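To start, the structure itself, in structure tokens.
The values are calculated or read from the model by the stated rules, or taken from the named source; none is laboratory data. Values in this document were obtained by computation on a predicted structure and should not be read as measured data. Glycine also receives a Cβ, built like all others from the backbone with ideal geometry; neighbour counts cover every protein chain displayed. Keep in mind that these areas ignore ligands, DNA and RNA; they rest on the heavy atoms of the full protein, side chains included. Shrake-Rupley method; radii C 1.70, N 1.55, O 1.52, S 1.80 Å.
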Amino acid sequence: MTLLAVTFFALMAFGLPIAFAIGIAGFSFFATNDIIPMSIGVQQVASASQSFPLLAVPFFVLAGHMMNRTGITSRLINCSNVLVSWMSGGLAQVCIVLSTLMGGVSGSAVADAAMEARILGPSLIARGYSKGFTAAAIAVGSLITATIPPSLGLILYGFVGNVSIGRLFLAGVIPGFMMMAGLMLTVWLIARRRGYRPEMAERPTLRAVWRAVADAKWALLFPVALLFAIRGGLFTPSEVGAFAVVYAAVVGFLLHRELTWAGVAEALQEAVVDTGLIMLIILFSGMVGYAIIFEQAPQSIAEAMTQLTTNPLLVVALILIFLFIAGLFVESTVLVLLLTPIFLPIVTPLGVDPVHFGILMMTIVTLGSMTPPVGVAMYTVCSLLDCPVEEYVVESLPFVGTIVLLVAVLTLWPGLVLFLPNMLM
């Protein structure tokens, strides 16, 4: 097990792509093991692809790319602008609300952050917002997509941990809106202190709000339709991914009439690249996951933790601290695939609901994408806005602090996470 970890981090340090670092580390384990033949490792790579729930990943990725070409993004921006631009820090508030609305479309924090940095970032800077504050609001705000359905991270967690994806989707709704409220409050406090003025002098009328919401209705109804389709038993989480593609096509071709066949071809091309990257990580993670179980890593870690404390709350807190530190160095998808088989068997016997733990885990590991030294969303936004990373780090501290406080609240009161899944499922 030590050889596996050392090999993985050594390859990561040399800049090897994550998928190949995982694959080489996994093969090195089987090549040096005297008990398990190499053929078992190859079988684990193949068996990792034989999963019906994994069909949801390429379908949701394709649906997200198609949605971006249906005019949904511009309508959501206009809706967010009408709803919150009258507040202090108006355009930054728009970024937070847009992340919440886009979470039901893109399902990816990095994709959401990149889109907002391209479209809204220059406008914020032109209106006097500092580059660091702009980058922090966009990057950390995109964290909301980690819980708002359809979150790709929750799909992978459900797949690896054998947890109901439908319950995970429902459980992410309230934490997602709490995250939105907390980050909006943070923006408001900073904007009031710095004098960032609202974009609108007066609050919008009910008619203006209704008009903006009605114009964006097909985007707003998308996550709602997904949840009701799963709850009503119409589709499994995998089948609802195919429904999402059909929904995007109907909205783009028939309702908004902005999707073209050229746009579909571009969406397919981008989805193939994204899906290939994700699936390569998943396939090689299957081999590493087998090695982790064979070496009885969950049992060893559980024994070490129970020697420190048997309090479920403290055990979860220790795991979350470890996940936060690991998220600073390793991409969130990898952490979900590798660490879920380790930590879920530890917390479940202690009475921790796997759905509750999944929401906490996804929030913490995705936060690593917004923090140095290897935050993908951080570097994406900073490069697009030409913002120094040092300035971003300082400006992001209040936002990161808000998220950590929210995670603490959700840890102490699991009912906030489990209310919807317990009520509806």
Subject >> Single residue of E202, E270 found to be open to solvent by 50 Å² or more (accessible area, probe 1.4 Å), part of a loop (DSSP other than H, G, I, E, B) and acidic (D, E) >> reply: E202
**OP:** Under 7 Å between Cβ atoms, at least 6 apart or on separate chains: pull out the pairs that start in the range 86-115 with a residue that is farther than 20 Å from L185 by Cβ and open to solvent by 10 Å² or more (accessible area, probe 1.4 Å) and end on any residue that is at pLDDT below 80 and among the acidic types (D, E).
**Re:** S106/D112
Original post:
Which of the residues belonging to the range 126-182 are outside any loop (DSSP other than H, G, I, E, B) and without any contact (Cβ under 8 Å) to a residue 12 or more places away in the chain?
Top reply: A126, A181
**OP:** Take T402 and decide whether it is at pLDDT 90 or above and either under 18 Å from the mean Cα position of the chain (by Cα) or surrounded by fewer than 18 Cβ atoms within 10 Å (Cβ to Cβ) (or both).
**Re:** yes
Subject >> Tabulated pairs, the range 353-380, first at negative phi, second assigned to a helix (DSSP H, G or I) and basic (K, R), C-beta under 6 angstrom, 6+ apart or interchain >> reply: V355/R167
**OP:** Taking V82 as the residue in question, decide whether it is open to solvent by 10 Å² or more (accessible area, probe 1.4 Å) and aliphatic (A, V, I, L, M).
**Re:** yes
**OP:** Identify the single condition in (1) assigned to a helix (DSSP H, G or I); (2) within 23 Å of V409 (Cα to Cα) that A291 does not satisfy, given that it satisfies every other one.
**Re:** (2)
**OP:** May I ask you to list pairs of residues, at least six apart or on different chains, whose Cβ atoms are under 7 Å apart, with the first in the range 205-224 being within 15 Å of L255 (Cα to Cα) and open to solvent by 40 Å² or more (accessible area, probe 1.4 Å) and the second being assigned to a helix (DSSP H, G or I) and of a type in the set (K, R)?
**Re:** D215/R75
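Listed here are the residues, each with its yes/no results for (1) under 30 Å from W210 (Cβ atoms); (2) at pLDDT 75 or above.
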| position | (1), (2) |
| --- | --- |
| A13 | no, no |
| F30 | no, yes |
| A56 | no, no |
| L62 | no, yes |
| R69 | yes, yes |
| R75 | yes, yes |
Subject >> Enumeration of residues in the range 338-361 that are open to solvent by 10 Å² or more (accessible area, probe 1.4 Å) and within 17 Å of the chain's Cα centre (by Cα) >> reply: L338, L339, H356
Original post:
Does I148 satisfy being touching a Pro at 6+ places or on another chain (Cβ under 9 Å) and crowded, with 24+ Cβ neighbours inside 10 Å?
Top reply: yes
Subject >> Odd one out for V336, checked against (1) modelled with pLDDT of 85 or more; (2) within 30 Å of E395 (Cβ to Cβ) >> reply: (1)
